[in-house]
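The values are calculated or read from the model by the stated rules, or taken from the named source; none is laboratory data. In this text, all values refer to a predicted model and were calculated from it rather than measured experimentally. No Cβ is skipped: glycine too gets one built from the backbone with ideal geometry, and neighbour counts run over all protein chains shown.
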Amino acid sequence: MDNKHPMYSRELAIDHLKADLINALPPNAQISNVEFEGPFVVLYSLNPTVLMENGDVVKSLAKTLRKRIVIRSDVSVRREKEEAKARIREIVPENAEITNIIFDDELGEVVIEAKKPGAVIGRSGTTLREIAREISWRPKVVRSPPIQSQLINTIRYTLTKDSDKRKNALLNIGKRIHRPRVIRDNFIRLTGLGGFSEVGRSCMLLETAETKILIDTGLNVGARDPGEMFPYFSAPEFDIAQLDAVVITHAHLDHSGLVPYLYKWGYRGPVYVNDATLSLMTLLQKDYIEVAERENKLVPYSQKNIRDMILHTITRRYGEVTDLSDDVRLTMTPAGHILGSSILHLHIGDGKYNLAVANDFKGKRSRLLDRANTRFPRLETIIMESTYGGPRDVMPRREDAEIQLVKIINQTIRRGGKVLIPTLAVGRAQELMIVLAHYYKRRQLVKVPIYLDGLIAEAVAIHSCHPEYLSSYLQDQIFNEGQNPFLAEIFHPVKQNERTGLLRGEPAVILATSGMLTGGNSVDYFKRMAEDARNSIVFVSYQAEGTLGRRIASGVKEIRSIEDGRMKMMRVNMDIHQIDGFSGHSDRGEIMNFFRELNPKPEQVILMHGLRNKSQSLAQSLSKRYHVKVKVPYNLETLRFK
Ligand SMILES: [Zn+2]
């Protein structure tokens, strides 16, 4: 693509922009530099408080130029870090209880973690403004997380250590985004590369005359045939060198599992995700390749590829508008599925066409999250998941599922057994924790230690760093009642070497990954617990065809496995239960209801992320009831929207 756009036109573009900006701003703003940084135009100022206090000037300028403008202090005026730290501690009253001060060189930002954020902000923001004036770093205040996340610290470390690489990456991304428009044709087409008429390996390519965007880059974790694990990257439409952006809806591996693989094959463009999604997907990707290595399975990419992904990731919060290119604008809104999960709204060609992508969403609120967003500024087509779109896909009431789970645990514990709950590390596990904490508090659940194996404990830490995305119910519990269910006394993170002791010990509940017994620790627990009839296993998530979980759930009583080169036969004597009501997906009724509430109503629906017969049945109902055009494409089919 580069050689089509001569360098001089780019340089010219930014030179013009610089001149326009400097002319339009008050002279005492003292602009020292203007730079592209990913989708933003960044102004460096020797006197940034002038611009921070004249927000309207900047806003109107951004509107005229149709660019997102960010103001940062010039590096030369920022106070030295140790000095700045000391100054912050002097300015902020002691009762704020500052727990950490973290500098972000790239953003010129200082994050102040405090137990009482309000005291750092001060009345109508006076304390915060004083800090900004004094140290020339932009202060940002967050509540101290009750559990520190190692993963978030690792991401911070990567960004700081390789800040030069990061800066360069963002500059190149910016140049590409702000390149002058050359093609005047108008078209929009979408090609399914994975997850169409199936579940797993979600991936689609959105193309306009100007832009190519990959939406989700998933890995089918349950697939045995490697040909079914990866999306169709060999499709003629897909050329990694032509790709402008990657957007990820949420962290589950069937949506984000192959993003680092793109970097292995030379992609150097941006990945847009919600900030919680970045942490969660990095956690799951790292774990995926570690487990694959340990179990001698195919390892699709390396830790270095994951680091490259982090360096090219641009995180966005719900509601923030981002220019992916000259003709595509992205806004993420809550999907209610897992922490950070997003329904994407894409505004294409100056709003000529508007597309929403609801890849995994929950129509009803859960304990963990509020329900999916249904309001959009404009909407012509929605692309929706249909996992539970079949006519018989009616989930039990949430409350019934909760009571059933508590009953199984109580019975198992009373007879001296243990309960194994294989679960996805992200989403379902945290939902179950809140449920169990709730019933424990009401004394309906027996007092029993609940062990959180490896990954789940770290995912909980990431949740506790993002209370702003949790349900209003949980936020109320945490902030108003002072009761964080994640911190309840019944929960215990468990380390690898504690497992044997735990299994020999007293009755307990164990939450372990993976949810479908496809690998990871839940398989180990299962093998060591299956023969004891006092124990129970409870499946709480979708069991894909071909997985061990599916076989056990459907009643297979004899399992053969190879251990130390010898065939071993194992009898499954433990109680087997499946509870469907905890799903983070919408059932058929919820999908119909979600569509009814969509505002505005789209003229067209594309169904994906579902087995073909389920999607088709849902398609019939939607078109009959709402007189809307519904399509159920296969992978490799291309649809044209304009
Ligand atoms: Zn998902």
Out of the residues in the range 320-332 that are under 16 Å from F376 (Cβ atoms) and more than 16 Å from the ligand (Cβ to nearest atom), which is surrounded by the fewest Cβ atoms within 10 Å (Cβ to Cβ)? E320
Considering only residues that are modelled with pLDDT under 90 and either within 21 Å of the chain's Cα centre (by Cα) or buried (at least 19 other Cβ atoms within 10 Å of the Cβ) (or both), which ones fall in the range 201-222? E210, V221, G222
Only unsatisfied item for P422, checking (1) surrounded by fewer than 19 Cβ atoms within 10 Å (Cβ to Cβ); (2) closer than 19 Å to Q578 by Cβ, is (1)
For residues that are of a type in the set (G, A, S) and under 16 Å from T49 (Cβ atoms), scanning just the range 96-123, find the one that is surrounded by the fewest Cβ atoms within 10 Å (Cβ to Cβ). G122
Just give me the residues in the range 470-486 being at negative phi and not in a helix (DSSP H, G or I), in sequence order. L470, S471, E481, Q483, N484
Give the residue, chosen from R316, R375, that is of a type in the set (D, E, K, R) and within 19 Å of the chain's Cα centre (by Cα). R316
For the range 291-300, give me each residue that is more than 21 Å from I562 (Cα to Cα) and surrounded by fewer than 18 Cβ atoms within 10 Å (Cβ to Cβ). V299
Contacts under 6 angstrom Cβ, first residue in the range 251-278 being within 17 Å of F230 (Cα to Cα) and in the same structural domain as S341 (by TED's automatic domain parsing), partner within 14 Å of the ligand (Cβ to nearest atom) and among the polar types (S, T, N, Q), 6 or more apart: A251/T277; D254/S202; H255/S202; H255/T249; L258/T217; V259/T217
Determine if the range 227-236 includes at least one residue that is among the charged types (D, E, K, R) and within 16 Å of the ligand (Cβ to nearest atom). no
Among the residues of the range 328-344, count how many are of a type in the set (S, T, Y) and touching a residue at least 60 places away in the same chain (Cβ under 8 Å). 2
Looking at the range 372-385, can you tell me whether even one residue there is under 25 Å from A437 (Cα atoms) and within 16 Å of the ligand (Cβ to nearest atom)? yes
Test Y388 against the stated conditions and say whether it is under 25 Å from I213 (Cα atoms) and surrounded by 15 or more Cβ atoms within 10 Å (Cβ to Cβ). no
Filter the range 345-355 down to residues that are touching a residue at least 60 places away in the same chain (Cβ under 8 Å) and surrounded by fewer than 23 Cβ atoms within 10 Å (Cβ to Cβ) and give me whichever is nearest to the ligand (Cβ to nearest atom). L346
Would you pick out the residues in the range 132-161 that are crowded, with 16+ Cβ neighbours inside 10 Å and farther than 22 Å from C465 by Cβ? A132, E134, I135, S136
What is the one condition in (1) within 16 Å of the ligand (Cβ to nearest atom); (2) touching an Asp or Glu at 6+ places or on another chain (Cβ under 8 Å) that T638 does not satisfy? (1)
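So that you can scan it fast, the table gives a plain yes or no per residue for (1) touching a residue at least 40 places away in the same chain (Cβ under 8 Å); (2) farther than 30 Å from V221 by Cα; (3) in a strand (DSSP E or B):
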position: I383; (1), (2), (3): yes, no, yes
position: T387; (1), (2), (3): yes, no, no
position: P391; (1), (2), (3): yes, no, no
position: I409; (1), (2), (3): yes, no, no
position: T412; (1), (2), (3): yes, yes, no
position: G417; (1), (2), (3): yes, yes, no
position: I421; (1), (2), (3): yes, no, yes
position: L424; (1), (2), (3): yes, no, no
position: A429; (1), (2), (3): yes, no, no
Among the residues of the range 560-581, is there at least one that is on the phi > 0 side of the Ramachandran plot, touching an Asp or Glu at 6+ places or on another chain (Cβ under 7 Å), buried (at least 21 other Cβ atoms within 10 Å of the Cβ) and in contact (Cβ under 8 Å) with a residue 40 or more places away in the chain? no
Among Y388, Y353, which is the only one that is closer than 24 Å to E603 by Cβ and in contact with an Asp or Glu (Cβ under 6 Å, 6 or more places away or on another chain)? Y353
Given the conditions (1) touching a helix residue (DSSP H, G or I) at 6+ places or on another chain (Cβ under 7 Å); (2) at pLDDT 90 or above, every one holds for D74 apart from (1)
